1. I'm trying to understand the selection: among the residues of region 223-247, which are outside any loop (DSSP other than H, G, I, E, B) and either polar (S, T, N, Q) or within 26 Å of SER195 (Cβ to Cβ) (or both)?
2. Would you mind listing the helices (runs of 4 or more DSSP H) fully within region 49-137 where at least 1 residues are among the aromatic types (Phe, Trp, Tyr)?
3. Kindly evaluate GLU250 against the criterion of being part of a helix (DSSP H, G or I) and open to solvent by 80 Å² or more (accessible area, probe 1.4 Å).
4. Could you please give the count of residues in region 250-267 that are among the aliphatic types (A, V, I, L, M) and over 17 Å from LEU209 (Cβ atoms)?
5. Give me the pairs: first residue in region 215-236 and basic (Lys, Arg), second residue open to solvent by 50 Å² or more (accessible area, probe 1.4 Å), beta-carbon distance under 9 Å, and six or more apart or on different chains, which are they?
6. Could you check, for region 72-89, whether at least one of its residues is open to solvent by less than 80 Å² (accessible area, probe 1.4 Å), closer than 30 Å to GLY307 by Cα and under 28 Å from the mean Cα position of the chain (by Cα)?
7. Answer yes or no as to whether SER119 is under 25 Å from LEU296 (Cβ atoms), under 23 Å from the mean Cα position of the chain (by Cα) and among the small types (Gly, Ala, Ser).
8. When region 255-279 is examined, which residues are found to be in contact with a helix residue (DSSP H, G or I) (Cβ under 9 Å, 6 or more places away or on another chain), of a type outside the set (A, V, I, L, M, F, W, C), open to solvent by 10 Å² or more (accessible area, probe 1.4 Å) and part of a helix (DSSP H, G or I)?
Amino acid sequence: MANTRQHKNHKEKYKALLFQMPEYVKDYIYAMEGNYRSPSTLFNYLIDYQDFFSWLIREGIAKVEQIKDIHHDVLATLPLDLVISYFRKLEEEEFDVSKEEKKTREKSSINRKKSALRSLFKYLTTQYETSEGEPLFHRNVMQKVSVIKEKESLNARSNKLANTIFQNESDVDFLYYVKNKYEQELSTRQKSYFSRDKERDYAILSLLLGSGIRVNELAELRVRDLNFMDNKISVIRKGDKKDIVTVFAEVMEDIEVYLNVRKEKYGGTDAEHEYLFLSKHNKSYTPIAIRTIQDLVRKYTKAFNKGKSSMSPHKLRHTYATNLMDETKDLSLVMEQLGHTSETTALLYVHTSQEKAKKAAEALAERRKRLK
C-alpha cells in the first residue's frame with residue numbers, strides 16, 4: 001500500500017507532464033499512443049515539449065504564464081530565426097553530468113529534440129482535424145529545420161562503440177572492484193550509504209551486464225518477473241511487448257542476495273506485483289527511479305576508471321551484447337536477447353572484422369620491414 005500511495009512512478013510522471021500541455025499536444029500524444037509509439041519515447045517527447053514551451057514563455061514569445069495556455073497561433077506564426085536560435089541554445093548550453101563535470105549536448109540528442117518537434121508540427125498541420133475538417137494550422141516552420149545526422153559506416157560506428165564499453169574481461173574486473181575494493185576508497189559517511197545499498201546496487205550492475213536489458217526495463221521489473229528455476233526474467237520491451245530474457249545463474253544469485261536484505265533495508269514485501277528494485281525514502285520505500293540507476297552506474301564506473309570517464313546503463317547493455325556476440329557468433333541470438341528487430345543494429349556488436357583488419361595490417365607491415 002505504501003508503494004501505491006506514495007510513489008510517483010514513471011506513469012504518474014508521464015501523466016503529470018501531459019497535464020501541463022496544451023490540448024493540441026494531448027491530442028497528439030493520444031494519437032501516438034494509438035499508433036503504438038513506445039511510452040518511453042513519448043515520455044521523452046513530453047520532456048522536450050516542456051523545455052521548448054518553457055523557452056517560448058521565458059522569451060516572451062508566448063505571453064502566458066502556463067504552458068497549457070499557449071495558443072496554437074504561437075506555433076503557426078513562429079519565425080524561423082527564433083526556432084534556429086532555440087536549437088543553437090540547446091547546442092551551446094552546458095549542463096551538469098555530476099558535481100565535478102559539465103558537458104554540452106551531443107548531436108544525437110539535438111536531433112532527437114528536433115525530431116520530437118517536427119513530429120508534433122507535422123501532426124498539427126496534416127493529421128489534426130478541427131470541426132471544419134481542417135488542420136489546426138497550415139504553416140509548418142519545423143519542416144524547415146534540418147536534422148543532420150553524422151554519416152558513418154557500420155564499421156566506424158562499431159569501432160566507436162568498442163572504444164566506449166568494457167573490453168576483454170574488464171566488465172568482470174569492474175564487478176570485482178565494486179564488490180571488494182570500492183568501499184576502501186570511501187569516507188566514513190560514504191561507507192554508510194554504500195553499506196545500505198551495496199546488495200541492491202551490485203545486483204543492478206550484475207543484471208545490466210548479464211542480460212543487456214534497457215534501463216527502463218530494469219526499473220519496471222516486478223518480483224513476479226523472476227524465474228530462478230530457469231534463470232530467466234520477464235521484461236516489457238518497446239511497444240509494451242512482453243519478452244523473456246535468459247541470464248546466467250550467477251546473476252540470479254546476485255539478485256537473490258539482494259532479495260535477502262530487501263525487506264529489512266527497504267521495507268518492501270514479497271508480493272508478486274511489487275517492484276523488484278526499491279529505494280528508501282522518508283522511512284518508506286519507492287520503486288527505484290531510472291535517474292537513480294543512471295546515477296549509480298555513472299558513480300561506480302567513474303570510480304573504477306579513476307575519475308577519468310564514466311559510463312551509462314546503455315554502455316553496459318552494449319558491453320553485454322558485444323560479449324554475447326564474441327562468445328556465440330550468433331546474430332539472431334543477440335537480436336533476441338536484446339529485443340532488436342533490425343540486423344543492422346545488432347551488427348554493431350560484430351568486432352571480428354576489425355580484428356581481422358588489424359592482423360592483416362600487421363602482416364602487411366611485416367613485409368615492408370625489408371625496405372629498411
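The values are calculated or read from the model by the stated rules, or taken from the named source; none is laboratory data. Treat the numbers as computed from the prediction; the structure is a model and nothing was measured. Because the Cβ atoms are built from the backbone with ideal geometry, glycine has one as well, and the counts that use them run over all protein chains shown. In case anyone asks, the SASA skips ligands and DNA or RNA and just uses the protein heavy atoms, side chains included. Shrake-Rupley method; radii C 1.70, N 1.55, O 1.52, S 1.80 Å.
1. VAL223, LEU226, ASN227, SER234, THR246
2. 80-92, 107-122
3. yes
4. 2
5. Filtered contacts from region 215-236: ARG222/GLU272; ARG222/HIS273; ARG224/GLU272; ARG224/HIS273; LYS232/ILE244; LYS232/THR246.
6. Yes, region 72-89 contains a residue that is open to solvent by less than 80 Å² (accessible area, probe 1.4 Å), closer than 30 Å to GLY307 by Cα and under 28 Å from the mean Cα position of the chain (by Cα).
7. No: the conditions fail for SER119.
8. GLU256, ASN260, LYS265
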